Structure formats: C-alpha cells, structure tokens
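See structure below.
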Amino acid sequence: QVQLVESGGGLVQAGGSLRLSCAASGLVFRLADITWYRQAPGKERELVASVISGGNSNYADSVKGRFTVSRDNAKNTVSLQMNSLKPEDTGVYYCKTRWNGNEHWGQGTQVTVSS
C-alpha cells in the first residue's frame, strides 16, 4: 500500500524559510515521480514543484528561484526547501505520486506565512 507522509510545515514570517519533507513507502521510490501541490483557502489546488525519477525538477513560475525540490532515494524522501517565503505561499502543501496507474496523496502539511 502506497503511503505519503508530509512534515515540516509551520508558521513563519515573510522572508523566512521552511523545509518540507515527503516520506514515501509501498513503492519502488527511485522509480517514482513526486509532485508537490498546495491549496490556499478558497482556491484550487495548484502545482508547486515536481521531481522525476531521474532527478530533473520543474517549478511553478511563482516559486522559481525561491523553492528547491530534491530527492533522497536512500531515505525514500523528497524535500521542498522554501526560501524568501511570501504570504501568498500560505496553504496546505501536499505531495503526490502516481503508482501502478493510481494517484496517491499525502494528508498535507500547513504552511502559514505572516506579513
């Protein structure tokens, strides 16, 4: 059974940093593409960043230059380093993967950036 567990969220002032982690189990992690999404109150869920099995990454324009996604295949973990945080980065952050034709989501971790 595939499980994704996010951690590392919290409350931070604008300009600060947070590091989120997504721990995965129940799959061959090194073969899995992992994507981070976020959902702000009253808004639709949006893609933030992704890292594919080969290690290449992609970012939403709104976070380029501020966020960095990385993976540690030895620890079955993907991290999202978030710097220069803005109030508009506030939301619940989720990681997601697709495995054996099914989508799997974590429970999310709350990030709140105060102005």
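Among the residues of region 43-55, those identified as touching a residue at least 24 places away in the same chain (Cβ under 8 Å) and either in a strand (DSSP E or B) or in contact with an Asp or Glu (Cβ under 9 Å, 6 or more places away or on another chain) (or both) are Val48, Ala49, Val51. Contact annotation: residue pairs with Cβ atoms under 9 Å, 6 or more positions apart or on different chains, pairing a residue in region 18-42 that is open to solvent by 50 Å² or more (accessible area, probe 1.4 Å) with a partner that is part of a loop (DSSP other than H, G, I, E, B) and small (Gly, Ala, Ser), are Arg19/Gly8; Arg30/Ser53; Leu31/Ser53; Asp33/Ser53; Gln39/Gly108. Here Ser53, Ser70 are screened, and the one residue that is in contact with a Ser or Thr (Cβ under 6 Å, 6 or more places away or on another chain) and closer than 17 Å to Leu4 by Cα is Ser70.
Asn58 - would you say it is in contact (Cβ under 8 Å) with a residue 24 or more places away in the chain, on the phi < 0 side of the Ramachandran plot and not charged (D, E, K, R)? Criteria not met by Asn58. Pairs meeting the criteria (first residue in region 61-72 and at positive phi, second residue of a type in the set (A, V, I, L, M, F, W, C), beta carbons under 7 Å, at least 6 apart or on different chains) are lacking. Summed over region 66-115, residues that are among the basic types (Lys, Arg) and open to solvent by 60 Å² or more (accessible area, probe 1.4 Å) total 3.
The values are calculated or read from the model by the stated rules, or taken from the named source; none is laboratory data. Everything numeric in this text was worked out from a predicted model, so none of it was measured. Please note: Cβ atoms are built from the backbone with ideal geometry, for glycine as well, and neighbour counts cover all protein chains shown. Each accessible area value is taken on the protein alone, full model and side chains, heavy atoms only, with ligands, DNA and RNA left out. Shrake-Rupley method; radii C 1.70, N 1.55, O 1.52, S 1.80 Å.
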